[in-house]
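Step one of this worksheet: look at the structure below.
The values are calculated or read from the model by the stated rules, or taken from the named source; none is laboratory data. All figures in this text were calculated on a predicted structure; none of them were measured in a lab. Here the Cβ positions follow ideal geometry from the backbone for every residue, glycine too, while neighbour counts run over all protein chains shown. Note: accessible area is taken over every heavy atom of the protein model, side chains too, but ligands, DNA and RNA are not part of it. Shrake-Rupley method; radii C 1.70, N 1.55, O 1.52, S 1.80 Å.
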Amino acid sequence: MELAWYALLGLFFATYLVLGGYDYGVGLLLARGATPEARRAALNAVGPFFLGNEVWLVAAVGILFGAFPTLEGELLSGCYPAVLGALAGVVLVTAGVQLRGRPRSAAARAGWDRVVVAGSVLAALGWGALLGALLQGVPLSGDGHAAGVGHLFTPFVAAAALALLALVAVHGATFLTLRLPATDLPSVARLARGLVPAALTTVATATVLGLLSDRVRAAVARPAVAVLLPLALVAALLVARVALRRGRAGLAFAATSVALALPVPLVGAALWPRVLVSTADAAGPQLADPAVLTVADAAASGPTLALLGWLALPLVPALLGFQAMCWWVFRGRTDGRAPVYW
């Protein structure tokens, strides 16, 4: 039962990263000095989706609170700068997109665009730092509770945050190759291709720092998974680059979606059956026998999970149906023409 709920939590959060990722990626691209018309076109391309995409985050948080209350408490206390930063970014993006159309002056709209950019950066860095902290290990005190937030300020966590930021930027640019008018496709595809090497560099840097980190090596229970999944992520980015060069927007978007979803199973599978590993105490030195919080220990009681299961049965099909309806209703480019998918 705990495994099923843990997998469902991972599925919801990975789906949120994929769907919300192109929201934040488009938001990041507003900072590249585009004209007001180009910024408006980019936001119009993502506009029908962004509120629905955030529903997956709400559902994931609901599962975390209901099915894994112990994990929720330790994450909020041990990683609250990353979590608060990510949530602040989500709020800023939502507010900026909703409010930029209200003022009539171009300067005010440009100000809201800057809010969207800042929120996109915060959201991407925050979620990346959270995933990096989980893979590195969260210090636990003698009573089993998270001790301090110093573990967030390490080279590996910083590299993981930057890697997710780069992945989000590539994903957002690739999304625009599906949605913007065909006349804008060459420039957007060229931008997306140009961002792939930056994403590959940040992913490689995070992987190397993880392999060199004593904390990460102590936390990871399955080293093979921790190596194979980053290789799969690199392969997905290379597929996206080739697809963009050949004008296959749908294939490129599928590849960047895979790349953005992979960090979640990477963390879950590499740590399983543990979910929090204390690789350092509050002062920082390595622990000879690290304390751990397993998935079973973090989960709610069996009756609670069974009750939540009855509530989740209609939720998953409803979310999938809503997402499919959105993509069907707003399929194609903003000028009404269909993209080349494969």
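Observations
- A single member of L71, L8, L84, L92 is at pLDDT below 90 and over 14 Å from the mean Cα position of the chain (by Cα), and it is L71.
- Qualifying residue in the range 181-201 (condition: under 30 Å from G150 (Cβ atoms) and among the β-branched types (V, I, T)): yes
- If you go through the range 179-216 and keep only what is basic (K, R) and either surrounded by fewer than 19 Cβ atoms within 10 Å (Cβ to Cβ) or without any contact (Cβ under 8 Å) to a residue 12 or more places away in the chain (or both), you end up with just R190.
- Residues that are open to solvent by 20 Å² or more (accessible area, probe 1.4 Å) and of a type in the set (A, V, I, L, M, F, W, C), drawn from the range 47-74: L51, V55, V58, V61, L64, F65
- Filter result (open to solvent by 30 Å² or more (accessible area, probe 1.4 Å) and either touching a Leu at 6+ places or on another chain (Cβ under 9 Å) or part of a helix (DSSP H, G or I) (or both)) within the range 102-116: A106, A107, A108, R109, W112, R114, V115
- Just one of (1) under 14 Å from L43 (Cβ atoms); (2) open to solvent by 30 Å² or more (accessible area, probe 1.4 Å); (3) part of a helix (DSSP H, G or I) fails for S77. It is (1).
- Taking (1) surrounded by fewer than 22 Cβ atoms within 10 Å (Cβ to Cβ); (2) under 21 Å from the mean Cα position of the chain (by Cα) in turn, G148 satisfies each apart from (2).
- Of the criteria (1) modelled with pLDDT of 95 or more; (2) over 17 Å from G27 (Cβ atoms), which one V168 fails: (2)
- Condition met for D281 (modelled with pLDDT under 85, among the acidic types (D, E), surrounded by 14 or more Cβ atoms within 10 Å (Cβ to Cβ) and under 19 Å from L76 (Cα atoms)): yes
- Residues satisfying the stated conditions in the range 7-46, i.e. part of a loop (DSSP other than H, G, I, E, B) and surrounded by fewer than 17 Cβ atoms within 10 Å (Cβ to Cβ): A31, R32, G33, A34, T35
- The residues of the range 302-317 that are of a type in the set (A, V, I, L, M, F, W, C) and open to solvent by less than 60 Å² (accessible area, probe 1.4 Å), listed by number, are L305, A306, L308, A312, V316.
- All conditions in (1) farther than 30 Å from R274 by Cα; (2) touching a helix residue (DSSP H, G or I) at 6+ places or on another chain (Cβ under 7 Å); (3) surrounded by fewer than 23 Cβ atoms within 10 Å (Cβ to Cβ); (4) charged (D, E, K, R) hold for R222, with the sole exception of (1).
- Matching residues in the range 38-89 - criterion: being in contact (Cβ under 8 Å) with a residue 24 or more places away in the chain and of a type in the set (F, W, Y): F49, F50, W56, F68, Y80
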